[in-house]
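Asker: Here it is, the structure in full.
The values are calculated or read from the model by the stated rules, or taken from the named source; none is laboratory data. All figures in this text were calculated on a predicted structure; none of them were measured in a lab. Neighbour counts are summed over all protein chains in view; Cβ atoms, including those assigned to glycine, are modelled from backbone coordinates with ideal geometry. Calculation scope for accessible area: heavy atoms of the full protein, side chains included, ligands and nucleic acids excluded. Shrake-Rupley method; radii C 1.70, N 1.55, O 1.52, S 1.80 Å.
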Amino acid sequence: MIIDTLALTLIHKALLASALLGLMCGVLGTFVVVRRISLVGDAISHAVLPGVVLGFVISSQLGDPRNPWIIFGSATIVGLISMIVVRQIIATTRLKADAALGIVLSGFFGIGLFMKRSMLDLMDSAGGLDSFLFGNMATISETDLQAVVIVGVVLTTLVLLLMRPFILVSFDSLFAETLGYPVKLLNLVFYTLLTITIVVSLQAVGVVLVSAMLIIPAATAYLLTDRKIHMMLLSMFFGAGAGVSGSFISASVSSANIANGAAMTLVAASFFFITCLLAPRHGIVAKWLKSKRQRHKVTTENALKAIYKLVEPTGDPRSAITINDYQTERRLETAEAKLQLKALKQQQHIEYLDKQQLTLTPDGLKVAQTVVRNHRLWELYLTSQANYQADHVHDDAELIEHLLDEETVRQLEAELNFPTTDPHGMPIPRPEAS
Amino acid sequence: MDTVLLQLDAFLSRPFQGDDSGLWYVLMAFSVALPCSLLGCFLLLRRMALVGDAISHSVLPGIVIAYLIVKDLSSPWLLFGAGATGMLVTVLIEMIHSKTRVKQDAAIGISFTTLFALGILLVSLFTRNDHIDADCIISGELTHIIYYEALELFGKEVPMPLITSTIVAIGAIGAIIVFYRLLMLSSFDAGLTASFGINPKVVHYLLMAVLSLVVVTSFRAVGAILVIALLIIPAASAYLCTHRLKTMLLLSGIHSAISSLAAMYIYVNFECSIASAMVVAGLLLFIVAWLFGPVDGLVWKWKRRYFRSESYDYGEVDH
């Protein structure tokens, strides 16, 4: 094998293994997060323990104390059995998924711990078993690494080949079934691949934190994109990034024995929380800014609409009103009215003729007309197309007027045959004409 | 005949030979398992089994931080630290779930693994030569309770951890009795609870607070992972046997008593840890309930199906 000839040092082996594990967990994690089965991953990682112990016992009895293939194999089988038990509990009792997962997770893990102690004399190296519980890069041998590389490459290729059916089954298994996909077989393949990924990662990350490596990179990617293929690539990137930097940190801080899995998880979690805040569309900051902009837009538009309604009866939309008029129309305190008008002035939607008199600028007029048009168009739409009563439509229109975009307005106008008056007989303004 | 009885007697008394330690182990196991099994009933009905899992992992950093401050493993401050991080994880789950598009299952997974990793990091950075070690975190060491200082009670040397866990158990059971109607109502119908003027969120956080306290007390005895077994397996077994909440609570408590006692026999005969023996015993009882439970028993279902197919066996039924 190529790995033998490279004469890798411990740290290189650790980095290579964690990069591969990060990639694998990233790929499978995408489906786990999308299918909302994050806690199934957690359950499998605990439930494979009896299989791991059994693998150690079998390979010890065969005279090859830590054969990774035997251990991976028996652990995978036990993992799949645990999933079958979960399904059976849900299918034959009133217990729900969360309870079934909890029972299998803790029950199988308890059996595993029980077997670990009571079968101690059947195993040659029980010390290696502990690294499956807590994760320890240093115990990964050359044969382990070879196994990880082979499994990683085969698994990633398989997932990439089966990508389309997997995505389809994850989102809409009924639809997949009508298209003729073998859904049950695909699910079996998926859970097998998931279990293998978990089993292979156990040794490096430990029982509890495997699910962190499955969920956190994928959830981070989920915040950044809506396309599944992008999500998968990003998730692989975050997984490998967390894997490599985590094991680098744990290897380079020699003063303390930082567990590899903990370091990886904390790196992945910091990716996640930073993304939570700063993601361009789904981030907390972005959402906050968006809602702030929207609030600002609504306030401005409502103020301009009030002014427009004051000047509308005069026939000349540019005619002047006083601060007092505005205050009365909107039923405000003097100070608040002045504050709102000041904001409008700053955006150059209005201009003052003197200390009291003000008028809309062409810009302001256009915004005001757009809002009023949206409002009245929507009222008309509701009365004529949706059979609303004319006195029931105002509140609805009050909300939608800020949200309608130009394209929807074009559609509404065409639908309503380019109307000129609303259900209350008020003219519908045409902003572009002025 | 006499030899059989003698053997049986020897078998039955084997865990309790010598000093009092066998008695303390059973009492410790029971005092931990009982409040867990009662709270587990409410978790199960609220479909929050895995939130129990999340809390049991998240108390770790709280315990470690409190320990680093007071440097005493039996200090009550550890309960406060653990309770605080236990509550923190429920808040964190809620925040991730409501502020981002990440769904609840992933939010649970992210929150508790992060806090657990933080706990492990703190352990490996600061407490290398102290009593908290990784093995203890995963599976607990119930037998260590006899190494703690003991208190003279009724002429016996009772270990301190047993006294603490008994106090917590009494407190938790008291809380369940006092708030029984509230807990029952909000577990079944949160909307109705709200219409009575009680915020279901308050009940939720109250339950979480009691749960955190109970979980952290059990932590030392059974570790982070097997706590879920103590919470869910008795409740689930009881759920398969009855439709009534009071009966369910009673059965769940009986389950915890039987499995704590049976665990002692498994422990002395197989040399495993008491915690894993409790889980194995509990699991066996669960399987019995799954097969023979009056409500959901598989055997009754098979029997019913068998008799039905026999009495209606008129060949192919035309629909």
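Asker: Separation between the A:SER173 and B:LYS71 pseudo-spin-labels, each 7 Å from Cα along Cα→Cβ, expressed in nm?
Answerer: Result: 5.6 nm between the two label points.
Asker: Would you kindly find the accessible area of A:VAL85, with a 1.4 Å probe and non-protein molecules such as ligands, DNA and RNA excluded, rounding to the nearest 10 Å²?
Answerer: 40
Asker: Which of A:SER173, A:SER18, A:SER131 moves the most in a Gaussian network model of chain A with Cα springs under 10 Å?
Answerer: A:SER173
Asker: In a GNM of chain A with a 10 Å cut-off on Cα contacts, which of A:ALA97, A:ALA337, A:ALA14 has the highest mean-square fluctuation?
Answerer: Per the Cα network of chain A with a 10 Å cutoff, A:ALA337 tops the list.
Asker: Right, next: Where only protein heavy atoms count, and the probe is 1.4 Å, what is the accessible area per residue for chain B in Å²?
Answerer: Counting only protein heavy atoms, the per-residue value for chain B is 47 Å².
Asker: Of the residues A:ARG293, A:ARG227, A:ARG94, which exhibits the maximal mean-square fluctuation in a Gaussian network model of chain A defined by a 10 Å Cα contact cut-off?
Answerer: The residue that fluctuates most here is A:ARG94.
Asker: Could you look at the protein assembly as shown and say what percent of its accessible area is carbon and sulfur, using a 1.4 Å probe and all protein chains?
Answerer: Answer for the protein assembly as shown is 64 percent, counting heavy atoms of protein chains only.
Asker: Next up: Separation of the range A:201-277 and the range B:162-234 by C-alpha centroid, Å?
Answerer: Their Cα centres are 33 Å away from one another.
Asker: Shifting gears a bit: From the protein chains alone at 1.4 Å, what is the descending order of accessible area for A:GLU336, A:GLU379, largest first?
Answerer: Largest to smallest exposure gives the sequence A:GLU336, A:GLU379.
Asker: Return P(r) of chain A (all Cα-Cα pairs; 20 Å bins starting at 0; whole %; ordered from short to long distances).
Answerer: 21, 35, 21, 20, 3, 0
Asker: Let me ask something additional. Taking every pair of distinct Cα atoms and averaging 1/r, then inverting, what Kirkwood hydrodynamic radius in Å comes out for chain B?
Answerer: 21.2
Asker: Another question, if that's okay. Using a 1.4 Å probe, what is the accessible area per residue for chain A, in Å²?
Answerer: Value returned for chain A: 45 Å² of accessible area per residue.
Asker: Moving to a separate point now. Take A:THR420, B:THR85 and sort them by solvent-accessible surface of the protein heavy atoms, 1.4 Å probe, largest at the top.
Answerer: Of A:THR420, B:THR85, the descending order of accessible area is A:THR420, B:THR85.
Asker: Run the reach check for A:LYS355 against lysines, Cα to Cα strictly under 29 Å, same-chain hits fewer than 8 apart removed. What comes back?
Answerer: Within the straight-line limit of under 29 Å, A:LYS355 reaches these lysines: A:LYS297, A:LYS305, A:LYS309, A:LYS338, A:LYS342, A:LYS345, A:LYS366.
Asker: Using only protein heavy atoms and a 1.4 Å probe, report how much of B:ASP20 is accessible, in Å² to the nearest 10.
Answerer: 60
Asker: Separate question: Calculate, for A:ILE323 and B:PHE179, the FRET efficiency according to 1/(1 + (r/R0)^6) with r their C-beta to C-beta distance and R0 56 Å; round to the nearest 0.05.
Answerer: 0.45
Asker: Hey, another quick one. Keeping all protein chains in position, work out how much accessible area A:VAL409 exposes to a 1.4 Å probe, and write it in Å² to the nearest 10.
Answerer: Probe radius 1.4 Å; accessible area of A:VAL409 about 0 Å².
Asker: First obtain the Kirkwood hydrodynamic radius of the range A:2-209 from its Cα pairs, then insert it into the Stokes-Einstein equation at 37 °C and 0.692 mPa s, and state the resulting D in µm² per second as a whole number.
Answerer: Once the numbers are plugged in, D ends up at 184 µm²/s.
Asker: Let me ask you something else. Work out the FRET efficiency for A:ILE274 and A:THR420 from their Cβ-Cβ distance, taking R0 = 51 Å, and round it to the nearest 0.05.
Answerer: Calculated transfer efficiency: 0.40.
Asker: In addition: Calculate the FRET efficiency for A:ARG164 and B:GLN7 from the Cβ-Cβ distance with a Förster distance of 60 Å, rounded to the nearest 0.05.
Answerer: Once the sixth-power term is evaluated, E becomes 0.40.
Asker: What residues of the range B:216-230 lose no less than 10 Å² of accessible area with every protein chain in place versus their chain by itself (probe 1.4 Å, heavy atoms only)?
Answerer: B:ILE225, B:LEU226, B:ILE228, B:ALA229
Asker: Total Å² of accessible surface buried at the A-B contact, 1.4 Å probe, nearest 100?
Answerer: Its buried surface, counting both partners, is about 5100 Å².
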